[in-house]
Amino acid sequence: MTKTKPVAHPKLLAEIEEFIKETGIGECYFGAKAISNSALIKRLRKGGRIWPETIAEVRAFMAAERSSAGDPADLVEVFENV
């Protein structure tokens, strides 16, 4: 089985930073929750490389968090009906 090589990934870092802005989640907490590595963002900012499999994990985490959060407008509607 051939394993892929790690790569530098500035696009992923931009995606993560946008996610952090949207959610208000802390950087270390993000790394810990996404891949059990609180230094993830710090390493990426320093130009660190990341395995393609890890990139997929990070993106899956962000997608899952976004889908579970739902639309904030839905919450307003729920509370108005209480």
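The values are calculated or read from the model by the stated rules, or taken from the named source; none is laboratory data. Only a predicted model underlies this, so the values are computations on that prediction, with no experimental measurement involved.
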*Does R45 qualify as being modelled with pLDDT under 95 and at negative phi?*
yes
*Subset tally (residues that are of a type in the set (V, I, T) and at pLDDT 50 or above) for segment 55-82*: 2
